[in-house]
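Here the structure comes first, spelled out in structure tokens, and everything after it is commentary.
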Amino acid sequence: MKIEERITHIFGTEADAAPLPGPTFRAGVDRHVQRRRTRRHTVRALGVATLVLGLAGTWLAVDRHPAAVTDPRPATTSEAPTPAPRPFAEVWPGTTRTLPGRLPDGGEYAIRAVLDPDTYVVSRTGTVPAGPAGEVLVLDNARHTTRSLVRATRPGDDSFGVVAVAAAEGQVAYVTSGVGTGAVWLVPVTGGSPRKVADLALTADQGPRDIELVIAAGDVAWSPTSGVTGARPGVWRAALSGGPARMVPGSEGMTLTAWPWLVANAHDQKATAPPTLLNADTGERRTAVRAVPVGPLTCSPSWCLGLDSSGPYLQRLDGTGFRTGVPTGTIVADRFVFGFSMTPAGPDQWRFGDPEVYDLGTGRRGVVRSRTDNGHRTWSYGGGSALLLYWSWEQRPDTYEIVDFTLIR
Amino acid sequence: MRDLTDDGFEEFFRLRSAALLRYGHVLTGSPHDAADLTQEALARLREAWPRLRQRQDPEGYVRVTMARLHVSWWRRRRRERLVRDVPDAGYRDGEPDLGPDRALARALAALPPRQRTVLVLRYYADQSDAEIAETLGVSTITVRSNASRALAKLRLSPEVTTLEGTTP
């Protein structure tokens, strides 16, 4: 396919992924109108003031010094030097595994969760004849067998399938999505009939495109962030033992971080408000202290990850422990940064590095290095709260390499 | 076309805000910047509404405003420029399903705003180079030059070659 055709496809896909105007969007237009009027009044007032000061300046002979340049970043307060990343097998021996790159029937798959060092929850990503996309299976890597848990498919509807999976505490949770339909389900990891936990109220023309899902402490919890309508988007929970799904009070606009903590992150590059967190069990609230006064900042209960024009940085929730030279990405389990390095490469340009995981607890840092003899690689972090990273090489498509972070203490 | 008299702004907003937000999303590559850009353009439309409603092409006004604003805003903010949000790597369930074009999408997001805007107008809005020139208030030579540089940059982008795998 020519690059022009690929660009057309990308723009079309991005348009389809755009959120619909939310309930506050119209009010935002009025805020912009008000801001413009205020700005015009301010400009007029400043014009008068500038004229006055300009005239005064011609009369006053003042010993002037250039204004101090304020660096928005704090002075170095790094707790420890950020180490150079090394291959995962060196950093965390015993956590790496090799899996087949295809299911026993030849189908393609994605790894979704680790049940134990030899057993994984996976989802089929290929299509017929190997099997339908949307199937959730348990893969036994020691015996090289699979067991089908769920076939979440709809004949004639290629858009229908599984968009999120989580597994823990003997249960597998998954979210099905199609045009105009979506639901959260539970099924025992040993097999059985799936139980619908909740329907998702969807926008008219799409299913949920982005949804966080976790099983922990006897609950399944989820937070859809786009493609789901309703006046109160937020975080929902249901007990694994049964009972209705309910929204966590006060969770409007929040997403999951390390359960039971929820977070309202700052995504805007102009944001000055700090992220806030809410404990879904106790109702405790925490507010981050910004080490850098403006810009995007995403937080877990203990850590925050930000990005400014110099690159990514880390800080503790209370604003201390500022450190740079770290990868950017997502904080998982309040301990790891799953991401990659990102450094300025000139005006309007960033250079992305290799996939990395940074252990906030120990400062250790693993990386998937490029190797010329292996061709390019594809990788995934499993999605959501999954504590895994896996990748494959172009020259070795029959093999996945995986790091199981549940083994790190 | 519907008569947009008796103010009519709210009706226009109700009918077209979703499409304009989609356009903003493609221009900026970010839902947050898209909302900001679309709201600012609609605010300008609101102020100009008594004059523009007679012309009955308010959407054209908003789209031209958005394209020009995007270029000028980003010129001012270039030191703050981010590539989307704090990004996640790899394949996440919620990302648009771009398949093998994921790396190319990232390279598109890293283009200078004028170059990306030219590509959006050419390949998404399906405008001719002359129409793009009129939208952005520049010459057709400038349009072709920006498009050519953007395509060359994409073909040579380390993002594309590294993540898509023509070389490791």
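Here are the numbers for the structure shown:
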| read-out | value |
| --- | --- |
| All positions within segment B:14-55 that are modelled with pLDDT under 85 and aromatic (Phe, Trp, Tyr) | B:Trp49 |
| Strands (runs of 3 or more DSSP E) fully within segment A:208-317 counting 2 or more residues that are in contact (Cβ under 8 Å) with a residue 60 or more places away in the chain | A:210-216 |
| Hey, B:Asp7 charged (D, E, K, R), modelled with pLDDT under 85 and closer than 22 Å to A:Gly22 by Cα or not | no |
| Residue that is nearest to the other protein chains (Cβ to nearest Cβ) [pool: residues in segment A:322-342 that are out of contact with any Leu (no Cβ under 7 Å at 6 or more places or on another chain) and in a loop (DSSP other than H, G, I, E, B)] | A:Pro327 |
| Restricting segment A:330-351 to residues that are of a type in the set (D, E, K, R) and closer than 30 Å to B:Val71 by Cβ, the residue that is modelled with the lowest pLDDT | A:Asp348 |
| Identity of the residue in segment A:126-169, out of contact with any strand residue (DSSP E or B) (no Cβ under 6 Å at 6 or more places or on another chain) and closer than 29 Å to A:Thr96 by Cβ, that ends up modelled with the lowest pLDDT | A:Ala130 |
| One residue from A:Ala280, A:Ala291, A:Ala273 being more than 19 Å from A:Pro233 (Cα to Cα), more than 14 Å from chain B (Cβ to nearest Cβ) and not β-branched (Val, Ile, Thr) | A:Ala291 |
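The values are calculated or read from the model by the stated rules, or taken from the named source; none is laboratory data. These numbers come from a predicted model, not from an experiment. Virtual Cβ from ideal backbone geometry, glycine too; neighbours counted across all protein chains shown.
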